[in-house]
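The values are calculated or read from the model by the stated rules, or taken from the named source; none is laboratory data. For clarity, every value in this text was computed on a predicted model and none was experimentally measured. Methodologically, a virtual Cβ is constructed for each residue, glycine included, from the backbone with ideal geometry; neighbour enumeration extends over all protein chains shown.
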Amino acid sequence: MVEKPRILVIYYREDDPRKNTSVKMVTHGVGRVVRPRDIHGKPVVLDPFSQEYLGRWHRVLVERYGVVVVDASWKKLTPLRFKGIRGKHLKLPPLLPGNPVNYGKPCILSSIEAVAATLYITGYTVLYNKLIEMYKWMNTFHELNKQVLEEYAEADTPGKLAKTIAEYWGEQPPC
């Protein structure tokens with residue numbers, strides 16, 4: 001069993017690199033910057049424009065091929081940024097960010113929050129905890145989402161995940 005899945009970062013350099021969460025993952029040896037053409041296999045591509053949610057049943061893809069996070073400004077993010085990226089495009093179930101820029105705005109996660117949530121949902125809690133320790137505000141992310149993350153991780157079918165999302169967010173979830 002893989003203890004540390006690959007975290008691949010497509011980095012667009014649209015914000016201050018000193019504050020960038022993807023850069024911090026890379027400098028801590030958790031992630032690696034890649035170009036879209038360098039991606040092989042079928043990794044999970046975290047794509048907020050996807051119609052399909054990430055669930056624990058996607059663990060096999062995370063284990064075998066890794067996770068791709070596109071690090072770009074939310075203000076400039078469009079579906080075109082994801083075109084041509086190989087992999088299984090999935091969006092995260094709704095979560096609340098703990099980061100100071102988008103605190104409490106559903107679904108507007110930083111790259112590290114998105115990767116951490118992916119790891120938790122797919123069962124990589126050791127690496128999730130390592131990411132939580134990288135920023136003080138990541139503890140806020142954990143506290144805001146720990147119950148719903150646990151329930152997302154327990155949902156073993158798309159139907160059960162959809163039911164969990166509806167219980168927390170209503171019939172029209174924010175993302």
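The table below gives the values:
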| item | result |
| --- | --- |
| Residue within the stretch 160-174 that is out of contact with any Gly (no Cβ under 6 Å at 6 or more places or on another chain), part of a loop (DSSP other than H, G, I, E, B), without any contact (Cβ under 8 Å) to a residue 24 or more places away in the chain and polar (S, T, N, Q) present | yes |
| Every residue from the stretch 72-129 that is of a type in the set (Lys, Arg) and over 14 Å from residue 45 (Cα atoms) | 75, 76, 105 |
| Subset of the stretch 118-145 [without any contact (Cβ under 8 Å) to a residue 40 or more places away in the chain and under 15 Å from the mean Cα position of the chain (by Cα)] | 120, 125, 128, 129, 132 |
| Residue that is farthest from residue 65 (Cα to Cα) [pool: residues in the stretch 79-94 that are within 10 Å of the chain's Cα centre (by Cα) and assigned to a loop (DSSP other than H, G, I, E, B)] | 93 |
| The stretch 1-39, residues that are part of a loop (DSSP other than H, G, I, E, B) and under 18 Å from residue 83 (Cβ atoms) | 12, 14, 34, 35, 39 |
| The stretch 128-143: number of residues that are in a helix (DSSP H, G or I) and under 23 Å from residue 62 (Cβ atoms) | 8 |
| Failed item, numbered, when residue 122 is tested on (1) surrounded by fewer than 18 Cβ atoms within 10 Å (Cβ to Cβ); (2) touching a Lys or Arg at 6+ places or on another chain (Cβ under 7 Å); (3) closer than 24 Å to residue 36 by Cα | (1) |
| Residue count for the stretch 88-142, restricted to those that are within 17 Å of residue 6 (Cβ to Cβ) and basic (Lys, Arg) | 2 |
| Scan of the stretch 18-75 for residues that are of a type in the set (Ser, Thr, Tyr) and touching a residue at least 60 places away in the same chain (Cβ under 8 Å), ordered by number | 21, 22, 53, 73 |
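Residue by residue, here is whether (1) touching a strand residue (DSSP E or B) at 6+ places or on another chain (Cβ under 6 Å); (2) in a helix (DSSP H, G or I); (3) of a type outside the set (Asp, Glu) holds:
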site: 115; (1), (2), (3): yes, yes, yes
site: 118; (1), (2), (3): yes, yes, yes
site: 123; (1), (2), (3): no, no, yes
site: 126; (1), (2), (3): no, yes, yes
site: 156; (1), (2), (3): no, no, no
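Let's see how each residue does on (1) surrounded by fewer than 17 Cβ atoms within 10 Å (Cβ to Cβ); (2) within 18 Å of residue 121 (Cβ to Cβ); (3) out of contact with any strand residue (DSSP E or B) (no Cβ under 7 Å at 6 or more places or on another chain):
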site	(1), (2), (3)
14	yes, no, yes
45	no, yes, no
56	no, yes, yes
87	no, yes, no
93	no, yes, no
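This table checks each residue for (1) modelled with pLDDT under 95; (2) closer than 25 Å to residue 136 by Cβ.
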position: 40; (1), (2): yes, no
position: 45; (1), (2): no, no
position: 87; (1), (2): no, no
position: 94; (1), (2): no, yes
